[in-house]
Amino acid sequence: MEGPAARMLAQDRLIGGRIDLASLVPQSALRAEVDASPTVVWLLDMERCPDCFDSLGPWSRLETLEDHRFLLVYTGTPSKTAKARLRSLTTTEVIQTKPELVAQAVGWVPPNTKLLVDGSGIVLLADSRNMATDCGWSFEAQVGALKGLNTSLAIRGIPTSTHGDTP
C-alpha cells in the first residue's frame, strides 16, 4: 500500500502503542542506562527518500528542548551532503541501522517517519511521509507548539506577526 492511506494506517497503528527504542538499533549503539526522558525519534530511509533530509532547521529548533532526547535512526547510504548535515546535529544521537530492525521495532513505516515517545515508550505523536514535500504541516512545529517553542500557527506554515499571535 502506498500514499496517504498507507501513512495514515502507520500513524494510527503507532500512536498510543509502545515501542522499545533500543530494539531499533544494535544494543551497543544506544546508551545502556535507562532513560525516562521523552524522545523525539526520526526514522529515515535514505534510499527510499533521499530528499527527506534536506532541511534540518525545524529539527534543530527542537534540539533546544533540554528535557528531551533526540534520536535519528537511518537506513541506507547517505549522500555526501547528507553526511555533512548529519554532523551538524548537536544533541541528536545519529545511528545507522538495518531496515529489518526498524520493521521489527515499529512495523512497516513510510521512509520519513517521526515520533514523539514518552519516557515509558508510548508513542504520543507520529507523522509518516513518503517524500519530503508530502505534507502541509510540520511534525516539528507540532511538537514545538506543545512544548512552547512556537505558536500553533506554525504547524501549517501560516506566517505570524512579530508577536506570533495573528496571521
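Computed quantities for the displayed model
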| quantity | calculated |
| --- | --- |
| Charge dipole magnitude, Cβ of K and R +1, D and E -1 - the range 73-114, Cα centre, debye nearest 20 | 240 |
| ³J(HN,Hα), Karplus 6.51/-1.76/1.60, whole Hz, each residue of the range 83-96, x for Gly, Pro | 4, 5, 5, 4, 5, 7, 6, 8, 10, 7, 6, 10, 9, 8 |
| Cα-based radius of gyration of the range 39-80 once divided by 2.2 N^0.38 Å, which approximates compact folds | 1.24 |
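Each value in this text was obtained by applying a stated rule to the coordinates, not by laboratory testing. Keep in mind it's a predicted model, so treat the numbers as computed, not measured. We place every Cβ from the backbone using ideal geometry, glycine too, and count neighbours over all the protein chains shown.
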